[in-house]
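Laboratory data are not the source of any read-out in this text; all were calculated from the coordinates shown. Predicted, not measured: the structure shown is a model, and the values here were computed from it. Every residue, glycine among them, receives a Cβ derived from its backbone with ideal geometry; neighbour counts consider all protein chains shown.
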Amino acid sequence: MQCGRSSNQGGTSMTNEVIVVEYDPVWPSLFEEEKARLLAVVGDHIEDIQHIGSTAVPGLGAKPIIDIQMSLRDLALVEKCVGPLESIGYEYLGEYGVPGRYFFHKPARKPFAERTHHLQIVEKGGEEWRKVLLLRDSLRAHPEVAQQYHL
């Protein structure tokens, strides 16, 4: 399934194609592999790490990008994590439009369609943490709702 999305940047209209694919049962293992890489480079600072987004919901089609939500023992440690995360291919984009959320994507400097991972660091138990996990858990618990969400 392909979905078109257009955007207007600098007065020039352009179309960015967003590819949505059928659920791939390998996605949870791709998350676990990336989790191990994250733990290896910033594990001392991590409080919790979760697989989120559509790839975390069995049976749900998604953009083939593994979304990860991570909390640190102290959000002030985000700056200490930037270098180690860059060393494993992430690019840091700051809050990226959501106050209190620190966003990274991988691989760095590649077009959206080629990205493999999104990583957001937020306060554990904070509004963004709860909201994202509530959606994921609700879609996992109610496959019929997940299929409507997919449409």
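Matching residues to (1) of a type outside the set (Lys, Arg); (2) in contact (Cβ under 8 Å) with a residue 60 or more places away in the chain:
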site	(1), (2)
ILE66	yes, no
VAL78	yes, no
VAL82	yes, no
SER87	yes, no
LEU93	yes, no
PHE104	yes, no
LYS124	no, yes
TRP129	yes, yes
PRO143	yes, yes
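Could you list all residues from the range 58-89 that are within 19 Å of ARG115 (Cβ to Cβ) and among the aliphatic types (A, V, I, L, M)?
Within the range 58-89, LEU60, ALA62, ILE65, ILE66, ILE68, MET70, VAL82, LEU85, ILE88 meet the criteria.
Could you identify the single residue in ILE46, ILE121, ILE88 that is more than 25 Å from VAL145 (Cα to Cα) and in contact with a Lys or Arg (Cβ under 6 Å, 6 or more places away or on another chain)?
ILE88
Restricting to the range 35-48, name every residue that is buried (at least 16 other Cβ atoms within 10 Å of the Cβ) and under 14 Å from GLU123 (Cβ atoms).
Those that are buried (at least 16 other Cβ atoms within 10 Å of the Cβ) and under 14 Å from GLU123 (Cβ atoms): HIS45, ILE46.
Can you tell me which of GLY125, GLY53, GLY100, GLY61 is at positive phi and buried (at least 16 other Cβ atoms within 10 Å of the Cβ)?
After ruling out the rest, the residue left standing is GLY53.
Are any residues in the range 128-144 surrounded by 13 or more Cβ atoms within 10 Å (Cβ to Cβ) and of a type in the set (A, V, I, L, M), and if so, which ones?
Those that are surrounded by 13 or more Cβ atoms within 10 Å (Cβ to Cβ) and of a type in the set (A, V, I, L, M): VAL132, LEU133, LEU135, LEU139.
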